[in-house]
Structure formats: structure tokens, C-alpha cells
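Read the structure below first, then the notes.
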Amino acid sequence: MKSSLKILGQDPDGDVSCASILKVLADETRLAVVEALLDGPRTVAEINASLDVEPTLLSHHLRALREAGLVTRERQGRHASYALASALVERRKGRAIDLGCCTLSFS
């Protein structure tokens, strides 16, 4: 199934496969990062305070989410702030995100 969410795994028509999106979100830590960002942008320290993950591992997951187009990063001097990508924010309904192929809900 194809989604109209244009972020990762795009084919030449700009479509994204649901499997590509879900593959990135299948990791428990990445999913927790997305959930943490539902409430708005967070610094790495703020994300790590709620997840308590090894800093280098968190960095790896944030990079994967950023490369997938699911989150964005904004530099603030030596620090960085992460937020959900605008494509996800536009499709957000409360604590759920419509991925086009399915809805990702957080309780």
C-alpha cells in the first residue's frame, strides 16, 4: 500500500511505501522519541531525560528519524532541538498520527 506522506522510501512518483515508514518506526526507542515529540520540540537532553538512553544510541535513533524525514533538527548554538516533521504534524489528530496507510496511536 502507498501513502501520500512524502518522507522516506519515495518512489519516482513521490509515493512512500507504508513498509518503509513502519520499518523506521518499528524500533521501540524511535517510537518513544516520536511520542515525546508529540508535545512539541525538545532538546536532546529533554528527550533523554524521559527515555534514559545511552547518549550515543539516542543520537543514532535521532539521526535515523531525521534521515527518514520523520523529525527535524534545529541548531541552537551547541545544542539541537528536535521536532516532528511538518508532514507528521499536519496529519496529527490528538495523540495519533495518520500515516496514510494506518494510524499510529499513543495512549
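For the stretch 68-107, please list each of the strands (runs of 3 or more DSSP E) lying entirely inside it that holds at least 1 residues being in contact with a strand residue (DSSP E or B) (Cβ under 7 Å, 6 or more places away or on another chain), small (G, A, S) and within 21 Å of E46 (Cα to Cα).
In the stretch 68-107, the matching strands (runs of 3 or more DSSP E) lie at 79-84.
Looking at the stretch 84-98 only, could you name the residues that are surrounded by 13 or more Cβ atoms within 10 Å (Cβ to Cβ), touching a helix residue (DSSP H, G or I) at 6+ places or on another chain (Cβ under 7 Å) and either closer than 9 Å to L38 by Cα or of a type in the set (S, T, N, Q) (or both)?
Scanning the stretch 84-98 gives a single hit, L84.
Within the stretch 35-56, count every residue that is under 16 Å from A80 (Cα atoms) and of a type in the set (A, V, I, L, M, F, W, C).
The total comes to 6.
Looking at the stretch 47-59, which of its residues are part of a helix (DSSP H, G or I) and either surrounded by 15 or more Cβ atoms within 10 Å (Cβ to Cβ) or in contact with a strand residue (DSSP E or B) (Cβ under 7 Å, 6 or more places away or on another chain) (or both)?
Passing the criteria: I47, N48, L51, L58.
Please verify whether K6 is at pLDDT below 90 and not small (G, A, S), treating the condition exactly as stated.
Criteria met by K6.
Going through the stretch 60-83 one residue at a time, which ones are surrounded by 12 or more Cβ atoms within 10 Å (Cβ to Cβ) and without any contact (Cβ under 8 Å) to a residue 24 or more places away in the chain?
Scanning the stretch 60-83 gives H60, R63, R66, T72, R73.
The values are calculated or read from the model by the stated rules, or taken from the named source; none is laboratory data. All values derive from a computational prediction rather than experimental measurement. Note: ideal-geometry Cβ built from the backbone for every residue, glycine included; neighbour counts use all protein chains shown.
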